[in-house]
1. If you take the residues of segment 472-483 that are surrounded by 14 or more Cβ atoms within 10 Å (Cβ to Cβ) and out of contact with any Lys or Arg (no Cβ under 7 Å at 6 or more places or on another chain), which of them is modelled with the lowest pLDDT?
2. Kindly indicate whether residue 178 is aromatic (Phe, Trp, Tyr) and at pLDDT 85 or above.
3. When only residues in segment 387-425 that are in contact with a Lys or Arg (Cβ under 6 Å, 6 or more places away or on another chain) and part of a strand (DSSP E or B) count, which is nearest to residue 490 (Cα to Cα)?
4. Can you find even one residue in segment 2-12 that is more than 29 Å from the chain's Cα centre (by Cα), more than 18 Å from residue 251 (Cα to Cα) and of a type in the set (D, E, K, R)?
5. Among the residues of segment 434-447, count how many are outside any loop (DSSP other than H, G, I, E, B) and surrounded by 15 or more Cβ atoms within 10 Å (Cβ to Cβ).
6. Within segment 360-377, identify whether any single residue is under 29 Å from residue 481 (Cα atoms), in a loop (DSSP other than H, G, I, E, B) and modelled with pLDDT of 90 or more, and answer yes or no.
7. Name the single residue, out of those in segment 319-359 being charged (D, E, K, R) and closer than 22 Å to residue 385 by Cα, that is modelled with the highest pLDDT.
Amino acid sequence: MLIPWAGPHNLKEVTALYKGTCPLTGEELTLPRTRDLERYALQFASQLDLPEPKMVGLLLVSNSRGMKFVLKAFSGKIEGSFHRQGWVPPMLELEESELERTTRVRLAQIKTELQELGRRLDHLNDSPLHKLWTEKEAELRARLKANKLARKRRREAGESAALLDEESRADTREKREFKEARFEALKDQQSGQKKLKARVSKLKRERKELSRTLQKEMHDTFDHKVWSHEPWSLTSLFPSGPPTGTGDCCAPKLLHHANQHALQPIALAEFWHGKATAKRQPGHFYEACKERCQPLLGPLLCRVRKDLPILFEDQHLMAVEKFSGILTVPGHQHWNQDSLLTRLQRGGGRLFTVHRLDLETSGIVLFAKTEAVQSKLHEIFASRRVEKSYQALLSGRPESDEGVLEHPLGPDPMRAGCYRICEDGKPARTAYRVIDKENSRVDFFPHTGRSHQLRVHAAQGLDCPIQGDRLYAKEEPPQGRLLLHARRLVFTHPVTGELMDLVSEVPF
């Protein structure tokens, strides 16, 4: 399934970008289509023999040793099957459930009955009696229309209005009498049609409800098996409901397979192979489809970027580099249980929380491996015997290049989960220093650890919100991630007494 990549690959020659949005942070994530991969794809297509026209995708990946390979996928099915030797499998293999089995049987029965009802309705509409009255109606309509036009010309010529009005009323009476006669003649037939149409409507409602229930079960299974530890679901990604075929496109299949096998995506190319259609030309490259594919790219690109670099680890504690968009510890809802803590504990022993970073903040997070070490680290943090340094990009330029912000913070009564500067709040102290005036890059040194302290001090103390801050931005909510990174942590090791100076590279 892995095709070795021979030769170099130039990431600078980008011809297009496949884009997705992280559902947690709003950050736009991209995967390039490159000139080198396009050349490879065209050569690959010239030797490809598929029994039917298909969208084909090639994903260039690298493994943990830096070796490059190509994965290949086709959209949907080929000859009725999702599988073909050497090609990436579907995102999820769904075994037929009891609900699916019984539903499919009932749907087949409904389809057969609807076809029979359709034939019976067609027969009634084609009956000699129905045709006779349809012809009579057409003749009457044509004659009444001609009468109306003639009266208009006569009225313009000055003919008696009273006479013309009487003729108009006569036409109206004739039309009414015709409807009554037609109703009487077709009464029995229309009664039968009404019953048949009522049955059709009932069956269609049942079919819709059965399909909805089956789709929900399939989507729930998809969520459980593919994204059981992610704080999103198909429903959240497709508010109007996932369309049929969601996940069957090339890009989602390739990215999911890469994630499952610890392969890092480098570039992607999707092209049409086979006979041309109204919208597709062989050998042409295309973007991801907007309906079924585009909403999945962000979550899948988020997943392949969610490595957890360990900055330091011994038998007592662990320091990890948190990425933006993941919780430090599990939330209170069933859908936000994914976190640094749960992921780390999934692959090892129990860990104990020492401190936290906001969901959208990246940087250094410390965990203890025993309750005793946790207690000692809590004491170090509480007594402020730890040096913390953050870096941020601000929206605007502070009036002073450095200073100390001492503004008490308390909950914002108008916005749940947010904070504000207020006189009766808890003391909060932050030192800052501008290190790049042109780009408003600032180092923050918090002396206290209040919730949202740096974000509120920047937005309300400096009047310069941190870029990407969806809670405290002055204007419309930004699209990118929060540009705040916990870059340095200095403290004394609670067991060995060693001075720990941990540094994390700022990713922006």
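The values are calculated or read from the model by the stated rules, or taken from the named source; none is laboratory data. None of the values given here were measured: they were computed from a predicted structure. So basically every Cβ, Gly included, is an ideal-geometry build from the backbone, and we count neighbours across all protein chains shown.
1. 480
2. On the way: aromatic (Phe, Trp, Tyr): yes; at pLDDT 85 or above: yes.
Yes: the conditions hold for residue 178.
3. 389
4. Keep residues of segment 2-12 that are more than 29 Å from the chain's Cα centre (by Cα), which gives 3-10.
Remaining after also requiring more than 18 Å from residue 251 (Cα to Cα): 4-10.
Now restrict to residues that are of a type in the set (D, E, K, R): none.
Among the residues of segment 2-12, not one is more than 29 Å from the chain's Cα centre (by Cα), more than 18 Å from residue 251 (Cα to Cα) and of a type in the set (D, E, K, R), which makes the answer no.
5. To start, the set of residues in segment 434-447 that are outside any loop (DSSP other than H, G, I, E, B) comprises 434-436, 441-446.
Keeping just the survivors that are surrounded by 15 or more Cβ atoms within 10 Å (Cβ to Cβ) gives 434, 441-446.
Number satisfying all stated conditions: 7.
6. Going through segment 360-377, the residues under 29 Å from residue 481 (Cα atoms) turn out to be 360-368.
Applying the additional criterion that residues be in a loop (DSSP other than H, G, I, E, B) yields 360-361.
Okay, now just the ones that are also modelled with pLDDT of 90 or more, so 361.
Yes; the residues of segment 360-377 include at least one that is under 29 Å from residue 481 (Cα atoms), in a loop (DSSP other than H, G, I, E, B) and modelled with pLDDT of 90 or more.
7. Taking segment 319-359 as the starting set, the residues that turn out to be charged (D, E, K, R) are 321-322, 338, 343, 346, 350, 356, 358.
This time we only want the ones that are closer than 22 Å to residue 385 by Cα, so: 321, 356, 358.
On the way: 321: 91, 356: 94, 358: 90.
Step by step, filter segment 319-359, then rank; the result is 356.
Residue by residue, here is whether (1) out of contact with any helix residue (DSSP H, G or I) (no Cβ under 9 Å at 6 or more places or on another chain); (2) under 29 Å from residue 317 (Cα atoms); (3) touching a residue at least 24 places away in the same chain (Cβ under 8 Å) holds:
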{"residue": "354", "(1), (2), (3)": "no, yes, yes"}
{"residue": "362", "(1), (2), (3)": "yes, yes, yes"}
{"residue": "369", "(1), (2), (3)": "yes, yes, yes"}
{"residue": "378", "(1), (2), (3)": "yes, yes, yes"}
{"residue": "384", "(1), (2), (3)": "yes, yes, yes"}
{"residue": "401", "(1), (2), (3)": "yes, no, yes"}
{"residue": "414", "(1), (2), (3)": "yes, no, no"}
{"residue": "419", "(1), (2), (3)": "no, no, yes"}
{"residue": "427", "(1), (2), (3)": "yes, no, no"}
